[in-house]
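Read-outs throughout are calculated quantities, based only on the coordinates presented, and are distinct from any laboratory measurement. As the structure is a computational prediction, the values presented were derived from the model and not from experiment. Virtual Cβ from ideal backbone geometry, glycine too; neighbours counted across all protein chains shown.
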Amino acid sequence: MKRRTRPLLLCGSAALLLALAPATPVHAAAQVVRLSGARVSVVDANRTVVVFEAAGEIRGMLTLMLNTGQEKLTGEWALVSRYVIDLNTGDAPRPAVEGEGEPEEAPAFVDRGTLQGDVVGGQLAFDAKGQLTGIQGLRTQVRNASQEFAGATGGGSLNADLAQGSGTFGLALEVK
């Protein structure tokens, strides 16, 4: 009996460990997004929208909707990764089709998905005229993610000099 009990216990323990293991692996990914082309729109005394072009590890458009009339900076954000690749640059030529002349290049559309969530803190800088000139230590949390980013959780930090129209958005994402 002892010879049978020990292997059964080992097999049972291994099965229990497998059952408790996560079904899908989780990996962390740090993403650095370079921001440029800042456009600021003051909606009202308590709401400002800032839009950036995003480049780097995630390309597309970043929109910040900031609630500025409170003691703590809050709001929402969305990073939509949708862009066009110009095939005329020679990076990705289309093959010629037999019987036709030179292949005609067309743009390639890329849609990686969207990350969106909440603004949970940070500081805004204003000039003497009350114009927004900077964003420092803006903290974000991911609430929703789609397509390539589906299942992503985490957050990030954003710093931008709006007078220069540029900044950096560092995201720490965990993707299932």
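List, in order, the whole-Hz ³J(HN,Hα) value for each residue of segment 78-85 obtained from phi through the Karplus relation with A = 6.51, B = -1.76, C = 1.60 and θ = phi - 60°; use x for Gly and Pro.
In residue order, the calculated couplings are 8, 10, 9, 9, 9, 7, 10, 9 Hz.
Only counting other Cβ atoms within 10 Å, I'd like PHE126, PHE169, PHE149 sorted with the fewest neighbours first.
Result, fewest neighbours first: PHE126, PHE149, PHE169.
Could you calculate the FRET efficiency of LYS72 with VAL32 from 1/(1 + (r/R0)^6), where r is the beta carbon distance between them and R0 is 35 Å, rounded to 0.05?
FRET efficiency, LYS72 to VAL32: 0.85.
Once you have the Cα-Cα distance between ASP86 and ARG139, take 0.36 nm times their residue separation minus that, and quote the gain in nm to one decimal.
15.7 nm
Starting from one equal scatterer on each C-alpha and no solvent at all, send me the Debye-based log10 I(q)/I(0) for segment 34-81 at q = 0.17 Å⁻¹, two decimals.
-0.50
Could you pull out every residue, at least 5 positions away or on a different chain, whose amide H is within less than 5 Å of the one on LEU162? Hs are placed 1.01 Å off N in the peptide plane, and Pro or chain starts have none.
Under 5 Å from the amide H of LEU162: GLY134, ILE135.
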